[in-house]
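What follows is calculated from the coordinates using simple rules that are stated; it is not laboratory data. Worth saying up front: this structure is predicted, and the values here are computed from it rather than measured. Reconstructed Cβ throughout: ideal geometry from the backbone, glycine too, with neighbour counts over all protein chains shown.
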Amino acid sequence: MSSFLDPSSDPSEPGVKLFARHPADVARDLIGMILTVDGVGGRIVETEAYHHEDPASHTFNGPTPRNAAMFGPVGRAYVYRSYGLHWCLNFVCGDTPGSAVLIRALEPMSGLEQMRERRGADAARLLCAGPGRLCQALAISREHDEAPLDKPPFALEPSMQDWEIVVGPRIGLTKGVQTPWRFGLAGSKFLSRPFPKA
DNA sequence: AGACTGATATTCT
DNA sequence: GAATATCAGTCTA
């Protein structure tokens with residue numbers, strides 16, 4: 001069992017120690033961790049937090065069929081379709097129901113050839129730079145919705161390193177723009193977009 | 001480089 | 001009918 005899991009927690013509800021906190025704290029701590037799906041993945045370099053009381057969150061207006069996973073146990077995936085065609089991967093978390101962290105970009109580390117097959121012959125920096133690209137490269141879709149993140153095909157490993165983290169406004173929103181809940185690995189070449197200057 | 005456009009699921013008005 | 005936690009393609013410069 002991974003060290004970030006609370007050994008006393010119910011194994012059917014994974015990741016309580018990491019995920020049962022405010023989504024902004026979880027989003028920050030996920031930067032630098034290694035995510036793989038069936039062995040394909042890499043280092044998380046960009047995340048965004050969404051909270052139940054945040055107007056930009058899918059859960060702001062309460063439960064719907066789509067967002068059901070976000071009202072379920074923490075430590076599971078929330079996968080939704082974006083603009084009708086892309087998939088987006090979130091980690092359900094929070095100290096109250098209805099929060100999640102959007103995984104926006106990875107630094108590819110393993111399974112590069114599979115990523116290229118799934119996406120086309122992209123340069124490495126474009127394989128997982130953005131939530132839609134990331135899901136295509138890792139073959140994530142509706143079937144992963146509500147799947148536990150500590151069991152196959154998912155694997156999430158903590159990093160012992162101390163990263164420098166950059167913070168900024170979230171991308172693509174019209175509501176809640178001013179809430180600075182986008183987090184990134186400073187200096188990474190694999191971000192979906194650069195962070196605005198301080 | 002930046003601006004515009006098409007694709008189109010799900011939710012909300 | 002309109003908006004959206006997006007991306008790729010195609011213009012214009």
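Along the positive direction of the dipole of chain A (beta-carbon charges: Lys, Arg +1; Asp, Glu -1; about the Cα centre), which of A:Gly130, A:Ala69, A:Thr47 reaches farthest?
A:Gly130
What aspartates and glutamates does A:Lys151 reach when the alpha-carbon gap must be under 19 Å and sequence neighbours fewer than 8 apart in one chain are set aside?
Leaving aside aspartates and glutamates fewer than 8 places away in the same chain, those within reach of A:Lys151 are A:Asp6, A:Asp10, A:Glu13, A:Asp38, A:Glu143.
How large is ³J(HN,Hα), in whole Hz, for each residue of the range A:114-128 in order, when computed from phi with the Karplus curve 6.51 cos²θ - 1.76 cosθ + 1.60 and θ = phi - 60°, using x for Gly and Pro?
5, 4, 5, 4, 6, 9, x, 7, 6, 5, 3, 5, 9, 5, 10
Using packing as a proxy for protection, rank A:42-51, A:23-32, A:61-70 so that the peptide with the highest average count of other Cβ atoms within 10 Å comes first.
Going from most to least packed, we get A:42-51, A:23-32, A:61-70.
Using packing as a proxy for protection, rank A:92-102, A:170-180 so that the peptide with the highest average count of other Cβ atoms within 10 Å comes first.
A:92-102, A:170-180
Quick one: order A:Met33, A:Met160 by neighbouring beta-carbon count within 10 Å, fewest to most.
Ordered from fewest to most neighbouring Cβ atoms within 10 Å, A:Met33, A:Met160 come out as A:Met160, A:Met33.
When the scattering of the range A:65-198 is computed by the Debye formula from its Cα atoms alone, each counted once and equally, what is log10 I(q)/I(0) at q = 0.12, 0.14, 0.18, 0.22 Å⁻¹?
-0.50, -0.70, -1.20, -1.60
Please give the net charge around A:Ala129, taking every other residue with its beta carbon less than 10 angstrom from that of A:Ala129, where Lys and Arg add +1 and Asp and Glu add -1.
+2
Using the 10 angstrom Cβ neighbour count as an exposure proxy, how do A:Trp87, A:Trp181 rank, fewest first?
Going from sparsest to densest Cβ surroundings: A:Trp87, A:Trp181.
Could you tell me the distance between the Cα centroids of the range A:123-198 and the range A:49-95, to the nearest Å?
The distance from the Cα centre of the range A:123-198 to that of the range A:49-95 comes to 15 Å.
Rank these for me by crowding, A:Leu106, A:Leu85, going from fewest to most other beta carbons within 10 Å.
Exposure proxy ranking, most exposed first: A:Leu85, A:Leu106.
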